[in-house]
1. Only one of A:GLU451, A:GLU445 is touching a Lys or Arg at 6+ places or on another chain (Cβ under 6 Å) and either in a helix (DSSP H, G or I) or charged (D, E, K, R) (or both). Can you tell me which?
2. Just to be sure, is A:VAL464 in a helix (DSSP H, G or I), under 27 Å from B:ALA516 (Cβ atoms), without any contact (Cβ under 8 Å) to a residue 60 or more places away in the chain and aliphatic (A, V, I, L, M)?
3. Would you point out the residue of segment A:322-331, among those that are under 18 Å from A:GLN293 (Cα atoms) and touching a helix residue (DSSP H, G or I) at 6+ places or on another chain (Cβ under 8 Å), that is surrounded by the most Cβ atoms within 10 Å (Cβ to Cβ)?
4. Assess whether B:ASN549 counts as being more than 7 Å from every other protein chain (Cβ to nearest Cβ), of a type outside the set (A, V, I, L, M) and either out of contact with any Asp or Glu (no Cβ under 9 Å at 6 or more places or on another chain) or touching a residue at least 24 places away in the same chain (Cβ under 8 Å) (or both).
5. Which residues, counting only those in segment B:495-514, are at the interface with chain A (Cβ under 7 Å from one of its Cβ atoms) and in contact (Cβ under 8 Å) with a residue 12 or more places away in the chain?
6. Condition check: of a type outside the set (D, E, K, R), in contact with a Leu (Cβ under 7 Å, 6 or more places away or on another chain), buried (at least 22 other Cβ atoms within 10 Å of the Cβ) and more than 9 Å from chain A (Cβ to nearest Cβ). Does B:VAL442 satisfy that?
7. Out of all the residues in segment A:357-371, is one or more touching a Lys or Arg at 6+ places or on another chain (Cβ under 9 Å) and aromatic (Phe, Trp, Tyr)?
8. From A:TYR468, A:TYR483, which residue is among the hydroxyl-bearing types (Ser, Thr, Tyr), buried (at least 24 other Cβ atoms within 10 Å of the Cβ) and within 9 Å of another protein chain (Cβ to nearest Cβ)?
There are 2 protein chains.
Amino acid sequence: MSAIPEDFIRRTARLSEDVARPFPNSRKVFAQGSQPSLRVPMREVAQHPTHTSAEIEENPPITLYDTSGPYTDPSVEIDLLRGLPEVRTAWIEERGDTEPLDGPTSDYGRSRAADPALAALRFEHLRGPRRALSGRNVTQMHYARRGIVTPEMEYVAIRENCRLAEMRADPRYARLLRSHAGEAFGARIPDEITAEFVRAEVAAGRAIIPANINHPELEPMIIGRNFRVKVNTNIGNSAVTSSIEEEVEKLVWSCRWGGDTLMDLSTGKNIHETREWILRNSPVPIGTVPIYQALEKVDGKAEELTWELFRDTLIEQAEQGVDYFTIHAGVRLAYVPLTADRVTGIVSRGGSIMAKWCLAHHQENFLYTHFAEICEIMKAYDVSFSLGDGLRPGCIADANDRAQFAELETLGELTKIAWDHDVQVMIEGPGHVPLHKVKENVDKELADCLEAPFYTLGPLVTDVAPAYDHITSAIGAANIGWYGTAMLCYVTPKEHLGLPNREDVRDGIISYRIAAHAADLAKGFPGVQVRDNALSKARFEFRWEDQFNLSLDPERAREYHDQTMPKEAHKVAHFCSMCGPNFCSMKITQDVRDYAARQGLSEQEALERGMQEKALEFVEKGSALYREV
Amino acid sequence: MSAIPEDFIRRTARLSEDVARPFPNSRKVFAQGSQPSLRVPMREVAQHPTHTSAEIEENPPITLYDTSGPYTDPSVEIDLLRGLPEVRTAWIEERGDTEPLDGPTSDYGRSRAADPALAALRFEHLRGPRRALSGRNVTQMHYARRGIVTPEMEYVAIRENCRLAEMRADPRYARLLRSHAGEAFGARIPDEITAEFVRAEVAAGRAIIPANINHPELEPMIIGRNFRVKVNTNIGNSAVTSSIEEEVEKLVWSCRWGGDTLMDLSTGKNIHETREWILRNSPVPIGTVPIYQALEKVDGKAEELTWELFRDTLIEQAEQGVDYFTIHAGVRLAYVPLTADRVTGIVSRGGSIMAKWCLAHHQENFLYTHFAEICEIMKAYDVSFSLGDGLRPGCIADANDRAQFAELETLGELTKIAWDHDVQVMIEGPGHVPLHKVKENVDKELADCLEAPFYTLGPLVTDVAPAYDHITSAIGAANIGWYGTAMLCYVTPKEHLGLPNREDVRDGIISYRIAAHAADLAKGFPGVQVRDNALSKARFEFRWEDQFNLSLDPERAREYHDQTMPKEAHKVAHFCSMCGPNFCSMKITQDVRDYAARQGLSEQEALERGMQEKALEFVEKGSALYREV
């Protein structure tokens, strides 16, 4: 790790071809907002027509929420050396409440910038940081509470709707828009998301828009119970393995498969430089756990951590553009003994670092005692809090115990302090929880933390499946999302076992997109069932390509189909690869419909008339064969 | 497929080495019942001791429910040519209500037995079939209702308990037995399963023991809401691909990973012979959908199906030993039009076959009209009904619609008829259902079908993830299992796309073992949390080997760990592969405990005393730093 290869930048500047290619039969479209710079990217999937014996029916394109950023837009030339286009700079400048700084104001940021040994791996086009003018507060919450609808708010409103109004106005979508009424457990999801609704939700603290003023490359998104359920992914090198170029590629990979936000949990060398590369190339909000880097700075000795060092780290990262910080301020000294009888004690890294510090010094957690000062830093850059659950349960046995809930209550207390500073807050949650104890977590979070958005890791609903914890946790995630969690932190198959590789990351993200979408369906979020309906219609009509293209992972769907039926002709085959022509139920159902059609009637009429005629005949014969249904 | 290779039997007689090897650090143990032949196999996983600075703590062995049969018992010599040892023959003979027949009584069975062209692929050691004496009823339900506790009932009682009483009496398990109280939604799970409880549940129809008298190789198991949630797997060749030897190996593979029952859904050639090989080598109940084979006999022309042909197929399969039949008797003619407006019509193969037949003949489903005659056959061999859900929803949009529920109501009506014949019944359920509509399925099934065990496919909670439908459906399966479904039919990653290979089957089964275990935990089934607790304790203590060995898939857990930390030494490393030594929260927590221990106190005492002393000090200083918790 110590030797930096000379060809680093050249190598890093290239993404693998499969990481950034456009999705099949899809194009990047933009929904235009109220000003020219407000263009909200979406993915539009074209569909093939349906060929029936009688006619050719058009199938309209389906618009999907798109997290992949400019990487899937063939009209954008990607240059990792320069970073992504700046979406937000003009909006930030127009507000007139910030100033560009000459350079980093943190000690650590300055020392890294000045170190010639880092030249080979430093991001080339460093932009000076920006900070709120003295006395100004630049958080989205602050604007919201003053009644200001920011471009970021309008952006996320358009993004959440995904052209639903257009679909509703277009008769081609009438049948595709059919959907079940949801059960939202008290969430109040409007029929259409307006910018004013976004403002009100942000003002109330029920939603956050993580958007550091030093991350203008960001395509804004919103996290809240009355919006689409989001997915966070984690990447990060460590002392053991991984490197910067891998991390950047993982970021792009994460966005490709549907990660809405990304946490850089690097704990190895060159954390600062890795983060710069990630931020400059990230269309999604980036979160960190600053205590990890602070600990690196004291060579892993938790007891040597100080508030001053931590404060410098916060400023260092805020000036790079980190959008949210996990802060373990709820791990209070008095709660630590509550974990002593647990099966798995304290499993949060941040939680155990702070617990160790507290015990070493016999003092209260300095993150708790300095919380207001942290708020002062956050509001100067608009960094959102992700209040960490350092005492989350690490196994089923420890779920919902007193240590966990004591910390959660403290997080509620801290939420109020943050809101006094107009700083945006979300609350981290567990972890490992059996299915029947999941809802209690949401209910308590909503009550204790005043409906601040909940952001949970899974939860895993059993401990017995290492190597499959993307699945154990997707089960918990779907449920907790349904109950009201706003963002789900993904888990990969390597959880508890090792560092995820690229395929593990993909498996983890897709599992969580499934969970989030299942939750959106169950909550009845307007329009989300269109994708299910369109894909199922394609499936039923043997439009294999459309089925693949509308799926969460078109590439793998096609690959699996190819394994059984590799020939291109089979992509239009009117029978299933599983059963063969005689046994395909969908083919038989089509035969049933054709049978009705041959009689010159609509299916429904034909069937009903057939029934009625036969029924009459039988009724006359005194048979009870056909009964009313 | 037409050419039968001459070396077929020799090749079939060998299992791949990895299909049948014992699990690591595990041994097959037997819990002895009330008679010598009643020996219930279980898997016992030995654990390593915990080394602390002060002492060596023994970790007791963990007993696991074991579906793998003799294949993982090194003391049993497996010979696929001869089939498995007969567990039940003496029990069946002792009842004195059956007679051995000279040979098959079905026309088809006789013709296949007499066909010299099939010699190369016929199972060699064919045993003549057995049938109830005239006028006798040999179902487990019939015995149960007469107050008879059969060896099968005692067997499953012992099996369900998994040595819980022994653990409760052994102080080494005291901490491992800690568990959450469950939420069972009206299920009445006793603190210990007795043979009498099993009898009463079977008598009431709330549970079934699928156990054809012609399947004496079976290790009995029970399916019911007040027992452990079970997992069914599907295998089967088709006209497109796959072969007999692959199917037998898939059977063993399915048992290995935790399939409790297995359905042979073959639809290609040589279905009869494939089934014989499977049955003779299967320690788990085998189910089929007889209409599939019946359709093969009329070359795929549904309209040519007749009751007589179907009846012959039932007898053919019953005399081979099939333990449960899926019968789509609820697809009534009058319900077919209810599917015409669906997004995906009729997606059940059996359902669409019967719908096609009904419409072709304008007659009521012959399975419905001949239902009592089917019962007569079932009770002569003790074949259980799995009443098929031919109108199950094939997509989210069609979930819980009138077609589905009309059929379910009819299945309730048929359940009563079957019970009048003392024939065991379970009810099949969907399919594709959004999360918030899942519970309604269970509630309605319990009400309409009088608590007959529910057996569901998934359900998939979204349609948008082909290639990941083991996950979309495991989410639904965990929930529906928690709500009261007794058995979960697995789904593989290839669902909707292609035929599953061995790895797909493994992925599907493990996903469903996760769902079933999550449901058991949530319902509070006694003793099931021991495995979670033991594995989590091992994880926390860096006993990597024990963590692997206690997991649902020890081989993959180890493989994934090896990918990051391949060296053997790392298996005892006291830090995580993910984070490196300084960042491992578990290591830090151990440091916290050691810190307390160094003061010569128990952890709890040390921490509490530390708190109190500091608290006093601060209280004296007027600080509110330490608050009561």
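1. Numbers: A:GLU445 fails: touching a Lys or Arg at 6+ places or on another chain (Cβ under 6 Å).
Of the residues listed, the single one that is touching a Lys or Arg at 6+ places or on another chain (Cβ under 6 Å) and either in a helix (DSSP H, G or I) or charged (D, E, K, R) (or both) is A:GLU451.
2. On the way: in a helix (DSSP H, G or I): no; under 27 Å from B:ALA516 (Cβ atoms): yes; without any contact (Cβ under 8 Å) to a residue 60 or more places away in the chain: yes; aliphatic (A, V, I, L, M): yes.
Answer is no for this residue.
3. Step one: of segment A:322-331, the residues under 18 Å from A:GLN293 (Cα atoms) are A:322-329.
When the remaining residues are screened for being touching a helix residue (DSSP H, G or I) at 6+ places or on another chain (Cβ under 8 Å), the result is A:322, A:325-329.
Working: A:VAL322: 27, A:PHE325: 25, A:THR326: 24, A:ILE327: 29, A:HIS328: 27, A:ALA329: 27.
Step by step, filter segment A:322-331, then rank; the result is A:ILE327.
4. On the way: more than 7 Å from every other protein chain (Cβ to nearest Cβ): yes; of a type outside the set (A, V, I, L, M): yes; either out of contact with any Asp or Glu (no Cβ under 9 Å at 6 or more places or on another chain) or touching a residue at least 24 places away in the same chain (Cβ under 8 Å) (or both): yes.
For B:ASN549, the condition - more than 7 Å from every other protein chain (Cβ to nearest Cβ), of a type outside the set (A, V, I, L, M) and either out of contact with any Asp or Glu (no Cβ under 9 Å at 6 or more places or on another chain) or touching a residue at least 24 places away in the same chain (Cβ under 8 Å) (or both) - is met.
5. Those that are at the interface with chain A (Cβ under 7 Å from one of its Cβ atoms) and in contact (Cβ under 8 Å) with a residue 12 or more places away in the chain: B:HIS496, B:LEU497, B:LEU499, B:ILE510, B:SER511, B:ILE514.
6. Taking the combined requirement at face value, the residue does not satisfy it.
7. The answer is yes; a qualifying residue exists.
8. Details: A:TYR483 fails: within 9 Å of another protein chain (Cβ to nearest Cβ).
Residue meeting the stated conditions: A:TYR468.
The values are calculated or read from the model by the stated rules, or taken from the named source; none is laboratory data. Computed from a predicted model, the values in this text were never measured in an experiment. Backbone-built Cβ (ideal geometry, glycine too); neighbour counts: all protein chains shown.
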